[in-house]
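The values are calculated or read from the model by the stated rules, or taken from the named source; none is laboratory data. The structure displayed is predicted, hence computed values, not measured ones. Here Cβ is always computed from backbone atoms with ideal geometry, including for glycine, and neighbour counts include all displayed protein chains.
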Amino acid sequence: MAGPLTLILEDDHRRLEALLRLAVADPQKINQQAYNHFRAGLLRHIGMEEKILLPTLQRLQGDRPFRHAAKLRLDHGALASLLMPTPTPVILAAIRAILSVHNMLEEGPDGLYAVSDQLEECELHSLIDRLCAAPVVRVTQPSDNPAVMKTLTGALERAGYHLSDYEPAGEKKEGLPNKTEAQR
């Protein structure tokens, strides 16, 4: 049975998934309002985990980090960087793919949320209160300048991803080899 922290954060995952689905429901046009809510929500969720959940769990476990903390942090960096430029089909595919794997590390039976739910009751409730009080994140306009794209590429690579992996077969963006060319 899922504990209270798991229920709250998994519910937030489902809310974010619904916003992303709404944002891309029309394949011809992104619903920018829904996408901006998704961006702000995902950045808030990442902040809750990075600034509150992971440090608190580490402190309460005798300064031992959660076993997947490094991977979660790399994924968070990759996801945050994917939210900086204008959303494209490739960027949206990358976000969906990373989230599908990332969320399993958080939601699984030995995931971040289940481990956190095992904290002592007073610590758990204090942690939940702090998570729920996390501020809303204001998002800026997307930027496609070269510095943003360089940051995005670097964050993805550090996390073990490549934007070209999410391009439809046979398509190539300038400066980004598609998977078949990279494998030659």
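Data table
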{"item": "Residue within the range 56-63 that is touching a Lys or Arg at 6+ places or on another chain (Cβ under 7 Å), over 16 Å from LEU156 (Cβ atoms) and either of a type outside the set (D, E, K, R) or not in a loop (DSSP other than H, G, I, E, B) (or both) present", "result": "yes"}
{"item": "Subset of the range 103-147 (residues that are more than 21 Å from ALA69 (Cα to Cα) and either among the β-branched types (Val, Ile, Thr) or within 14 Å of the chain's Cα centre (by Cα) (or both))", "result": "VAL136, VAL137, VAL139, THR140"}
{"item": "Residue match in the range 108-129 (condition: under 19 Å from ASP75 (Cα atoms), at pLDDT below 95 and part of a loop (DSSP other than H, G, I, E, B))", "result": "yes"}
{"item": "Answer residue from the range 25-40, given it is touching a Pro at 6+ places or on another chain (Cβ under 9 Å) and part of a loop (DSSP other than H, G, I, E, B) and is farthest from ARG15 (Cα to Cα) among those", "result": "PRO27"}
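Here's the yes/no breakdown for (1) touching a residue at least 40 places away in the same chain (Cβ under 8 Å); (2) over 12 Å from the mean Cα position of the chain (by Cα); (3) on the phi > 0 side of the Ramachandran plot:
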{"position": "ILE46", "(1), (2), (3)": "no, no, no"}
{"position": "LEU53", "(1), (2), (3)": "yes, yes, no"}
{"position": "PHE66", "(1), (2), (3)": "yes, yes, no"}
{"position": "THR88", "(1), (2), (3)": "no, yes, no"}
{"position": "VAL101", "(1), (2), (3)": "no, no, no"}
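Yes or no, residue by residue, for (1) surrounded by 18 or more Cβ atoms within 10 Å (Cβ to Cβ); (2) hydrophobic (A, V, I, L, M, F, W, C); (3) under 23 Å from LEU7 (Cβ atoms):
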{"residue": "ARG39", "(1), (2), (3)": "yes, no, no"}
{"residue": "HIS45", "(1), (2), (3)": "yes, no, yes"}
{"residue": "PRO55", "(1), (2), (3)": "no, no, yes"}
{"residue": "GLY62", "(1), (2), (3)": "no, no, no"}
{"residue": "LEU112", "(1), (2), (3)": "yes, yes, yes"}
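This table checks each residue for (1) in contact with a Pro (Cβ under 8 Å, 6 or more places away or on another chain); (2) buried (at least 17 other Cβ atoms within 10 Å of the Cβ).
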{"residue": "ASN103", "(1), (2)": "no, yes"}
{"residue": "GLU107", "(1), (2)": "no, no"}
{"residue": "ASP117", "(1), (2)": "yes, yes"}
{"residue": "LEU124", "(1), (2)": "yes, yes"}
{"residue": "VAL137", "(1), (2)": "no, no"}
{"residue": "ASN145", "(1), (2)": "no, no"}
